[in-house]
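**Student:** Let me begin by handing over the structure; questions about it come next.
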Amino acid sequence: MKRIFLILIGVLIFFIILIYWSLNSTPENYKTSAIVNHDNINSINFQDYDSLTIAASTLYEANELKKLMQGEHYRKAWATPIKVPVVFLDTLLGGLTIIKEGGGNQTKSLKLKDSIGNKYALRSINKTPAPLVPEFAKTLGLENIIVDGISAQHPYAATVVATLADAAHILHTAPQLVFIPKQETLKEYNENYGNKLFLFEHETESDTNWTVIKDVRTIIETDDLQKLKLELGTALKIDEHALVRARLFDLIIGDWDRHAKQWGWVIKKEQYGEIAIPLPGDRDNAFFTISGIIPNIISNKNVTPEVRPFQDEIEYLPGLIHDFDAYFLKRTPQTVFVEEAQQLQLLLTDTMIEKAMRQWPKQIYELDGLDIEKKLKSRRDEIVTYAKEFQRILNEKDYPTAPLKGSENLDLNGHYLKCFECF
């Protein structure tokens, strides 16, 4: 017994040594938004270029030990140079002005507007997950596990997802990859936002209607939708078919991070009231891949059930069903889930999936395109089964007992706290 105990201690010590060894292999002289064939970025006159060849980041380059311990992920895609348009804010869409700085725990963003009031966002491709690193991880020198975890996100997923969403008749924010040089329009934001890669897209809130939907009153985020519900009551409904389709689409693309702050709502006027049509945003975690010893331990369904890997099959569906779903869809019958799943199967054909993937630059498609195509087709083929199971799990899930994310300061006065149609 003592011998077995000593062997286990030895294995544990060896494992800890491997962890720290892999963590210490992170490149010290990495670059983000690395421009090819230009050694001194400060010497470039960006006005002379309409595009540049840029790699998102070399931070995630890794040796074989690090890949074993922390996963292969999309490291090559992050480090592979691609051609990106150069954009100046004073000429883009007739000229944009900065409203304010935004962003969540990982993403830096600038809120912008054009001359007619349409709102946009610049969302950083490179992430800054430092706020997510717990103190104990910093103390133990393990923060690189969190930082390196960004390599599980595909840097260019959002543009493919938008094309797939078009095919599925789901609204999206029309993200485009751009390079923003340092420029006068950025003013005090030049240091943090100049000479970097961004996704440029519509905001999920707007006083103007930039969508193809007619008779739109406004576009608002979830907390403001709840405020509007307090005002209008039964005269305001959500388009539950559209929301079910959007949530099943999330399953197909493997987007596990779908809390309430990542949705906008297009408020459409109708004869007897108003209807809220869902507008999904923030596709950072579509196609989220997990490999390596440490990520597989962290993503175990008994550890962090919500962090699900993008595989051929969904191996733990309960982790993908959130309070957001119970709040809006708990009362929705299974027939709606099945109908929308069948529609997705009809709309997301093999040809459409392949077309969407091939919009990536050739060098990125050759790295990841075929693998993602195969997984998308596999998950689409089983989406009716997943839809039935989604509704069954949702039916058994309790209503939320706390406000949705982003609505913590909203005073619902007991009304509509646990669900959108509860009073």
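Every residue, every condition in (1) at pLDDT 95 or above; (2) in contact with a helix residue (DSSP H, G or I) (Cβ under 8 Å, 6 or more places away or on another chain), yes or no:
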| residue | (1), (2) |
| --- | --- |
| L225 | yes, no |
| G233 | no, no |
| I238 | yes, yes |
| H241 | yes, yes |
| R247 | yes, yes |
| H259 | no, yes |
| P278 | yes, yes |
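**Student:** I'd like to know if the range 401-410 contains one or more residues that are in contact with a helix residue (DSSP H, G or I) (Cβ under 8 Å, 6 or more places away or on another chain), part of a helix (DSSP H, G or I) and within 23 Å of R308 (Cα to Cα).
**Tutor:** So far as the range 401-410 goes, no, none of its residues is in contact with a helix residue (DSSP H, G or I) (Cβ under 8 Å, 6 or more places away or on another chain), part of a helix (DSSP H, G or I) and within 23 Å of R308 (Cα to Cα).
**Student:** Between a first residue in the range 306-325 that is within 17 Å of A152 (Cα to Cα) and a second residue that is polar (S, T, N, Q) and surrounded by 20 or more Cβ atoms within 10 Å (Cβ to Cβ), which pairs have beta carbons less than 6 Å apart while being 6 or more apart in sequence or on different chains?
**Tutor:** What qualifies is V307/S299; F310/T289.
**Student:** Right, another one. I'd like to know if the range 173-190 contains one or more residues that are more than 19 Å from the chain's Cα centre (by Cα), surrounded by fewer than 20 Cβ atoms within 10 Å (Cβ to Cβ), without any contact (Cβ under 8 Å) to a residue 12 or more places away in the chain and not assigned by TED's automatic domain parsing to the domain that holds V307.
**Tutor:** yes
**Student:** Which residue is nearest to the chain's Cα centre (by Cα), if the candidates are limited to the range 392-423 and must be acidic (D, E) and under 15 Å from K227 (Cβ atoms)? Don't jump to the end; show me each part of the working.
**Tutor:** Initially, the range 392-423 is screened for residues acidic (D, E), giving 396, 398, 408, 411, 421.
Then keep just the ones that are under 15 Å from K227 (Cβ atoms); that gives 408, 411.
Values: E408: 22, D411: 28 Å.
The selected residue is E408.
**Student:** Kindly list, by first and then second residue, each pair from a residue in the range 351-370 that is loosely packed, with under 13 Cβ neighbours inside 10 Å to a residue that is modelled with pLDDT under 95 and part of a helix (DSSP H, G or I), limited to pairs with Cβ atoms under 6 Å and residues at least 6 apart or on different chains.
**Tutor:** none
**Student:** Inside the range 308-356, can you point out the residues that are under 17 Å from the mean Cα position of the chain (by Cα) and farther than 19 Å from E389 by Cβ?
**Tutor:** Result: no residue meets the conditions.
Yes/no matrix, rows are residues, columns are (1) at pLDDT below 95; (2) within 30 Å of Q70 (Cβ to Cβ); (3) out of contact with any Lys or Arg (no Cβ under 8 Å at 6 or more places or on another chain):
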position: D166; (1), (2), (3): no, no, yes
position: P175; (1), (2), (3): no, yes, no
position: E191; (1), (2), (3): yes, no, yes
position: G194; (1), (2), (3): yes, no, no
position: E205; (1), (2), (3): yes, no, no
position: V212; (1), (2), (3): yes, no, yes
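The values are calculated or read from the model by the stated rules, or taken from the named source; none is laboratory data. Source: prediction; values computed, not measured. So basically every Cβ, Gly included, is an ideal-geometry build from the backbone, and we count neighbours across all protein chains shown.
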